[in-house]
Amino acid sequence: MAAAGVIVKYGKTVLLCKRHKSCNFGGHWSVPAGAVEEGETSFGAAERELFEETKIKIERPLEFVMKTDGMKSRGRGGEPFYIYKYDSDEMLYPKLDFEHTEYGWFIPTNLPSPMCENVVEAIKLSLK
């Protein structure tokens, strides 16, 4: 099953959320992301997951960053993972859903851990 996520960027910082321990990839930091539902595009899934997980509603189109071969953490991988970015004009304050315990704005040289290596790579690409 494919997944999609969004790197929310403000200046040189990115918004990351920490997954609740009871969810997939519990305890890991990541971008808001989730499964692409049947009949949905990866772009649509990315927008939907961003809103469901943070209540952030985007005001302009997302930009495609990369497609990876899945989240590599905890031995998983192989499913396509589409990562997009959203450049915000202001620092946003998400209202997290039950899947997350905290959030923060981070610079690429000081990312939290643990974090999937594919997400780290996408963050670096998104800031170029």
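The values are calculated or read from the model by the stated rules, or taken from the named source; none is laboratory data. It should be emphasised that the depicted structure is a prediction, and the values quoted were computed from it without experimental measurement. Ligands, DNA and RNA are excluded from the accessible area calculation, which covers all protein heavy atoms including side chains. Shrake-Rupley method; radii C 1.70, N 1.55, O 1.52, S 1.80 Å.
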Handout entry: Gyration tensor verdict on the chain (Cα atoms; rounded if a/c is under 1.5, prolate if a/b is larger than b/c, oblate otherwise)
Key = rounded
Practice task
Pull up the cross-link candidates among the aspartates and glutamates for residue 128, meaning alpha carbon to alpha carbon under 14 Å and not fewer than 8 places away within one chain.
Solution key: 63, 87
Completion exercise
Regression test value, accessible area per residue of the chain, probe 1.4 Å, units Å², expected 53 Å²
Handout entry: Surface share of carbon and sulfur [accessible, 1.4 angstrom probe, percent] for the range 16-122
Key = 49 percent
Exercise for the section: Mind listing the long-range amide H neighbours of residue 20? Cut-off is under 5 Å, sequence gap 5 or more, other chains count too, H placed in the peptide plane at 1.01 Å from N. Expected result: 27, 100, 101
Fill in the blank from the handout: antiparallel share of DSSP beta bridges within the chain, to nearest 5, in %, is 70 percent
